Protein chains: 10
Amino acid sequence: MLYCVEMEVRLPANMPSETTEKIKADEKAYAVSLQEKGKWVHLWRIVGRYANISVFDVESHDELHGLLSSLPLFPYMDIRVTPLARHPSAITR
Amino acid sequence: MLYCVEMEVRLPANMPSETTEKIKADEKAYAVSLQEKGKWVHLWRIVGRYANISVFDVESHDELHGLLSSLPLFPYMDIRVTPLARHPSAITR
Amino acid sequence: MLYCVEMEVRLPANMPSETTEKIKADEKAYAVSLQEKGKWVHLWRIVGRYANISVFDVESHDELHGLLSSLPLFPYMDIRVTPLARHPSAITR
Amino acid sequence: MLYCVEMEVRLPANMPSETTEKIKADEKAYAVSLQEKGKWVHLWRIVGRYANISVFDVESHDELHGLLSSLPLFPYMDIRVTPLARHPSAITR
Amino acid sequence: MLYCVEMEVRLPANMPSETTEKIKADEKAYAVSLQEKGKWVHLWRIVGRYANISVFDVESHDELHGLLSSLPLFPYMDIRVTPLARHPSAITR
Amino acid sequence: MLYCVEMEVRLPANMPSETTEKIKADEKAYAVSLQEKGKWVHLWRIVGRYANISVFDVESHDELHGLLSSLPLFPYMDIRVTPLARHPSAITR
Amino acid sequence: MLYCVEMEVRLPANMPSETTEKIKADEKAYAVSLQEKGKWVHLWRIVGRYANISVFDVESHDELHGLLSSLPLFPYMDIRVTPLARHPSAITR
Amino acid sequence: MLYCVEMEVRLPANMPSETTEKIKADEKAYAVSLQEKGKWVHLWRIVGRYANISVFDVESHDELHGLLSSLPLFPYMDIRVTPLARHPSAITR
Amino acid sequence: MLYCVEMEVRLPANMPSETTEKIKADEKAYAVSLQEKGKWVHLWRIVGRYANISVFDVESHDELHGLLSSLPLFPYMDIRVTPLARHPSAITR
Amino acid sequence: MLYCVEMEVRLPANMPSETTEKIKADEKAYAVSLQEKGKWVHLWRIVGRYANISVFDVESHDELHGLLSSLPLFPYMDIRVTPLARHPSAITR
């Protein structure tokens, strides 16, 4: 099942830069891993913002929440989830 | 270039049902045609709403506006466009 | 899977009362049927509003959208869907 | 009487992790206790957020406020309460 | 139990004036009756708006919804209900 | 003249608890005093929030602002004031 | 006492032009009369909108509501009222 | 002086198409004329919406309001005006 | 030219009180000076808020921005500016 | 292609003034450079705010995001991007 997930990152202004770099590197590795597993099927940057629009393909709500809440940046993100159904005019899923 | 496009349809309550059916059929034919041309690359229904989240792949802002404003449902839709850039953690475009 | 669904009804001011009564009766029959099938597991009235908060238990996004878009009042409702996951402190599902 | 309660947690970025763990453990014990007493009748996680949608069944507004303001996470939560009435199409309470 | 109820009236622009007068007279008679019964304990006009802030004192959510949905102006009102608890600094209820 | 006043308290997360207790005690004493003088005629807790809905009865805008800006919690509150007029259907002021 | 009053006019699209002209002429005469009486002390047009920002100087909330609800355009206006107090840095009222 | 002006058009659903075409043609002629006079210095379409972002260069607020309220589409537009000052980092006006 | 300017002050919770007092004194002196020069023609307190509604009379957008950005409280204020035109029903400017 | 970009700066209250001055100087140099290259074609100050409205002319979304995310003030800005198409009534691009 597909979900549109919009994530916006708000890092605390006083976070040490080493911490920031470490979290971002972990986040990237985790994001790549989920994409390779076919869970995180689209990942786009919103122009001008530290934010993304993504599409996830998972088995259940529980699986999605597990993946999202494991993101290293999760404590610093505002996340909105929209469930997606098949559109009657779509020629592919 | 990719754009996320969110469309919400609000048909007037007093539109005759034949008119509605005609517009919807035209809309579907047009949507299928744009998908086949590779312009409208994703089209998903937002669960519970007469609305969709789409991704378009076009050459320019002008081309996108031309496509959207030609939608048979355009006069009855509220449309929001978000330009998408490549994400540094994405493994594909 | 569980979804929280909030529905608000806005009937056109000029809808004939027979039409209104017919739609409401159909809506009620449909709502009862979905409850008996175990799909619509909770249905509460929001005090002071022609609106409800509901919980649905279905197999997929597609099934939920199918059920909601078949509601006789669907063209007159504003619907918001929130996917629900298991809470780590919950003692039941 | 039933109330829909939506809670969103916003912990300060600089809270020591031991404090966080202690508050979360206390919160969980308290939540379990209220569920066992039949006061907190539903507790669901909103997918992708540190937030929940709950239903409480209590005798009065005062009782509900007493329970909510005793939550260990209360100082860090944004809480919205919606009173729920019986819906005429509901087959159970 | 006390509830703060804010009501805003939006009459259709094309409602015949006799209909409007009839509904307003019915609304007034009903409002007076509920005040005399001690259910509608405060009723104030919001300056500059066709709207009011009220306080109701009823036994349950169901009773309140029954009273509000019986208002002659109910189909034309936007109503917001806020449950009120005793304040620890209040010297009366 | 009557004013509806909605106050929401947001204490800084790092305020020392003695300071908090001192301010709250001062606030309570001041609130009781204004109630006894007949200035603060209603004071209700909004269920689930560190917030209240109040009604003040004062001679002028200046008097009300003087009272509110003297609240010990004033620097930490978001306050909204709504002037109230007599409602034509009210049986008392 | 002074009140800032912001008014926005929304005329129904199908109002006959004679009706519109008649209401506007009545509105203007009434506005001039209230200004001459010293009740409506400032009246400015918001650039680009069919809206104004005004200041009224009246004895009470009831008087202000009486004046505003007598405006010929009242049924077609969205009005927001803000009570104004003396500012400690102001050199005049 | 420069003003950013954002205009969104909302035509009534039941406006006859001849009326619509006539208004649009008048609007275009007027827009071209103001551009040629150097009053309307930029005019861009917002992609996907029947809306524009414009910049006007006029002598005064009164002149701008006069120009905008003379637009044939003025009764059907929602207009937001933002005054623009010189930016200290700008290399031209 | 006239501008309506709404200013809301949000001082950091941890600002030392001497700093606060110094800034407020500077702000007052500056506000008085601008009033005496006829630039800041109205200054009213919004009841219940650390905020004001003002009217400025200046030659240009640049002059207004220069005045506002020189306010000692400018870094701690949220400011909204609305250009005001002459109203056709106003009997004075 | 043209994009309207609105930027609002929110510097942390506790940023040392040398840091602030350094960032602002870097920002200015960078802004001037992008203007000279013809990428940042308009830059206006929003009166009364630490914010600007800009127009960029770039080849792609990726280029724009690259430019914006390299702004020295980027971590402290809220940025909104709107793609602009040619307007049918515009006499120049």
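Just so it is clear, none of the values below were taken in a lab; they were calculated from the coordinates. Small disclaimer: the values here were computed from a predicted structure and weren't measured. Positions of Cβ are backbone-derived with ideal geometry, glycine not excepted, and every protein chain shown enters the neighbour counts.
Residues whose amide H falls under 5 Å from that of J:Ser60, counting only those 5 or more places apart or on a different chain, are absent, with hydrogens built in the peptide plane.
Label-to-label distance, C:Ala13 versus A:Lys28, with points set 7 angstrom from Cα along the beta-carbon direction: 5.8 nm. The 3J(HN,Hα) values that the Karplus relation (6.51, -1.76, 1.60; θ = phi - 60°) gives for the range G:47-56 are, in residue order, 4, x, 10, 8, 7, 9, 10, 10, 10, 10 Hz. Gly and Pro appear as x. Sorted from greatest to least, the principal axis extents spanned by the alpha carbons of the range A:2-84 come out as 37, 23, 20 Å. Amide H contacts of F:His42 (H built 1.01 Å from N, in plane; Pro and chain starts excluded): F:Val55 sit under 5 Å, all sequence-distant by 5 or more or on other chains. Chain E versus the axis that turns it onto chain A: the residue with the nearest Cβ and the distance in whole Å amount to E:Arg80, 12. Karplus-based coupling profile of the range A:16-33, in residue order and whole Hz: x, 5, 5, 4, 4, 5, 4, 4, 5, 5, 4, 4, 5, 4, 5, 4, 4, 4, with θ = phi - 60° in 6.51 cos²θ - 1.76 cosθ + 1.60 and x standing for Gly or Pro.
Between J:Pro16, J:Pro75, J:Pro83, the Gaussian network model of chain J with springs among Cα atoms under 10 angstrom shows the greatest mean-square fluctuation at J:Pro16.
Quick one: which of A:Lys24/J:Lys22; D:Lys39/F:Lys22; B:Lys24/C:Lys22; F:Lys28/I:Lys28; D:Lys24/J:Lys22 span more than 30 angstrom between C-alpha atoms? Can you show the working numbers first?
Values: A:Lys24/J:Lys22 25 Å; D:Lys39/F:Lys22 33 Å; B:Lys24/C:Lys22 25 Å; F:Lys28/I:Lys28 32 Å; D:Lys24/J:Lys22 42 Å.
Table pairs above 30 Å Cα-Cα are D:Lys39/F:Lys22; F:Lys28/I:Lys28; D:Lys24/J:Lys22.
With θ taken as phi - 60° and the Karplus curve 6.51 cos²θ - 1.76 cosθ + 1.60 applied, the whole-hertz 3J(HN,Hα) list for the range I:36-45 is 5, 7, x, 8, 9, 8, 9, 8, 10, 7 Hz, x standing for glycine and proline.
Have a look at B:Ala51, B:Ala29, B:Ala13 and tell me which one the Gaussian network model of chain B (Cα, springs below 10 Å) gives the largest fluctuation. Of B:Ala51, B:Ala29, B:Ala13, the most mobile in the Gaussian network model is B:Ala13.
Around the amide H of B:Leu2, modelled in the peptide plane, lie the amide H atoms of B:Leu84, all under 5 Å away and 5 or more residues distant in sequence or on another chain.
A crude spin-label estimate for the pair A:Ile91 and F:Ser70, with each label 7 Å from Cα along the Cβ direction, gives 7.5 nm. In loop segments of the range G:26-93 as defined by DSSP, the GluC sites (Glu not before Pro) with at most 14 further C-beta atoms inside 10 Å of their C-beta are G:Glu59.
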